[in-house]
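Written below as structure tokens is the structure these notes are about.
The values are calculated or read from the model by the stated rules, or taken from the named source; none is laboratory data. Because the structure is predicted, anything quoted here is derived from the model rather than measured. Neighbour counts are summed over all protein chains in view; Cβ atoms, including those assigned to glycine, are modelled from backbone coordinates with ideal geometry.
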Amino acid sequence: MSTFIFIILLTLFFISIYIQDAMTEYFYNQKSVEILTKANMIANIVSGADTQEEYASSLGQLQMIKDSRVVVTDLDARVLYDSANQLVGVAFLEGNGIMLNALKGHNEAKRIKYSQLYEKKVEYGVAAAVPMLKERVTVGGVYVAVSAEDVEDILKNIRYNLIYIALLVSVFVGIFSAMLAGIITIPVERLTGIIKEMSEGKLYQQVEIKGRSEIAELGSAFNRMSTQLLREEEKRRQFVSDASHELKTPLSSIKILVDSMLNMQKLEPAITREFLGDINSEIDRLTRIIQNLLHMTKMDVTVNALEVKEINMKKLIEDVVKSIKPIARQKNLKLETVIPHVVKLWINEDEIWEAVFNIVDNAIKYTDDGGIVHITLNQFDQEVYITIEDNGIGLSAEEQEKIFERFYRVDKARDRQTGGTGLGLAIARQAVRNHGGDIDIESEEGKGSKFTIRLPYYEK
């Protein structure tokens with residue numbers, strides 16, 4: 001804040017100097033024009049005179065020469081007339097060069113030290129020199145010098161006014177700065193302190209919001225960010241807890257099976273094979289969970305670095321159906337596809353393939369034997385729709401809100417039988433959202449579910 005005040009005052013200082021210099025130049029220019037006019041008038045009046053008496057007679061009654069020093073010279077700069085009666089008959093050397101220019105036929109005015117000509121305590125004056133013409137021929141020169149006391153008085157008043165204005169502005173800036181500190185600086189300092197606390201691990205911090213200023217908007221945005229960070233932290237903790245639980249389950253099963261084998265006095269080959277088969281199944285389940293966790297982590301990190309290419313969506317869906325058909329055949333399920341025309345999208349093929357596969361796989365898991373899973377592909381305006389509809393067990397409204405959460409299972413017993421990890425739909429939604437789309441769900445308990453993947457269509 002002190003820097004801000006210093007910059008304002010420094011700017012004000014330079015502006016004051018500029019105004020003073022500009023005013024000085026303006027008023028002295030005006031004075032110069034005035035004296036040049038007076039000098040030319042005097043030159044016209046005295047051009048016919050020849051003697052000191054004639055010059056004195058011609059100029060003696062003129063009001064314009066009062067408070068002025070008037071010197072008339074011939075072409076050799078010899079003084080013919082001096083209103084101060086000091087230099088008559090001698091060479092005029094006090095004209096600061098402008099008299100020599102006047103004798104060459106030039107008009108010129110100049111700011112001078114007036115004390116050089118008058119015994120007055122006046123610092124500055126203005127002098128002008130013009131040629132004296134007789135029948136259009138230069139025969140001498142006229143030098144006129146006057147005090148600039150009136151100009152200096154005006155400039156002095158301007159300086160005093162500038163100082164007065166500067167003081168007023170300084171007071172105003174001080175008051176404004178104090179108000180600004182209350183409005184901006186103090187809230188920003190508080191916000192900075194809260195951010196430091198957040199960096200120390202105290203994530204949930206809120207700032208008090210007053211008014212509708214930009215700082216209030218910043219505080220509101222910070223509060224939203226803090227709330228979102230807390231939610232993300234809660235999700236992370238829940239994820240770690242759920243992941244630990246999911247990993248613990250197969251490990252516990254393996255531990256129990258191994259302990260049982262160690263405690264047996266005699267292991268029959270059939271029992272050994274059965275136990276090893278169970279252990280192998282749990283290891284497979286553990287592997288699937290770890291692979292899915294790693295895959296989800298990778299998707300979170302690379303959301304802004306998707307490698308996309310143009311993909312034929314009809315072929316992609318056909319490949320999914322081909323891969324999952326053996327699983328459907330085991331339950332005697334019918335897979336129906338309706339793809340009216342070729343649709344090409346710029347996508348990451350692996351992620352969208354897995355998203356479609358996971359939703360179809362989920363439909364098969366929760367549809368009883370002999371059921372139907374219907375897959376359609378359509379395009380409307382700037383969106384492509386992939387719909388997977390089944391006539392399975394369906395979902396309640398509460399389950400529909402949780403179905404995409406990590407490790408959430410509708411029917412845990414059924415999921416364990418089919419080897420599910422509870423991550424398939426979460427991975428599917430993340431993949432679709434990475435492409436700027438989303439997944440909608442419509443379901444009714446006992447009548448089946450309908451998942452719709454929406455992907456934006458654009459030409460690259």
Say whether the condition of being touching a residue at least 24 places away in the same chain (Cβ under 8 Å) and closer than 21 Å to G424 by Cβ is met by at least one residue in region 335-345. yes
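Residues checked against (1) farther than 25 Å from R406 by Cβ; (2) out of contact with any Pro (no Cβ under 6 Å at 6 or more places or on another chain); (3) at pLDDT 90 or above; (4) not hydrophobic (A, V, I, L, M, F, W, C):
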site	(1), (2), (3), (4)
N292	no, yes, no, yes
V301	no, yes, no, no
N304	no, yes, no, yes
E310	yes, yes, yes, yes
E318	yes, yes, yes, yes
V338	yes, yes, yes, no
What about T192, is it among the polar types (S, T, N, Q), assigned to a helix (DSSP H, G or I) and either surrounded by fewer than 12 Cβ atoms within 10 Å (Cβ to Cβ) or modelled with pLDDT under 75 (or both)? yes
Return yes when V79 is surrounded by 14 or more Cβ atoms within 10 Å (Cβ to Cβ), at pLDDT 65 or above and touching a Ser or Thr at 6+ places or on another chain (Cβ under 6 Å) and no when it is not. yes
If N332 satisfies all but one of (1) surrounded by 15 or more Cβ atoms within 10 Å (Cβ to Cβ); (2) modelled with pLDDT of 90 or more, what's the number of the condition it fails? (1)
Of residues in region 263-281 being modelled with pLDDT under 80 and touching a helix residue (DSSP H, G or I) at 6+ places or on another chain (Cβ under 9 Å), the one farthest from P250 (Cα to Cα): L267
For region 369-409, name all the residues that are within 30 Å of L293 (Cβ to Cβ), out of contact with any strand residue (DSSP E or B) (no Cβ under 7 Å at 6 or more places or on another chain) and among the acidic types (D, E). E398, E399, E401, E405
Can you name the strands (runs of 3 or more DSSP E) wholly within region 325-394 that have at least 3 residues being among the β-branched types (V, I, T)? 372-380, 383-390
Would you pick out the residues in region 1-50 that are within 59 Å of the chain's Cα centre (by Cα), at pLDDT 80 or above and among the small types (G, A, S)? S16, A22, S32
Please specify each residue of region 202-233 satisfying the condition of being part of a loop (DSSP other than H, G, I, E, B) and at pLDDT 75 or above. none
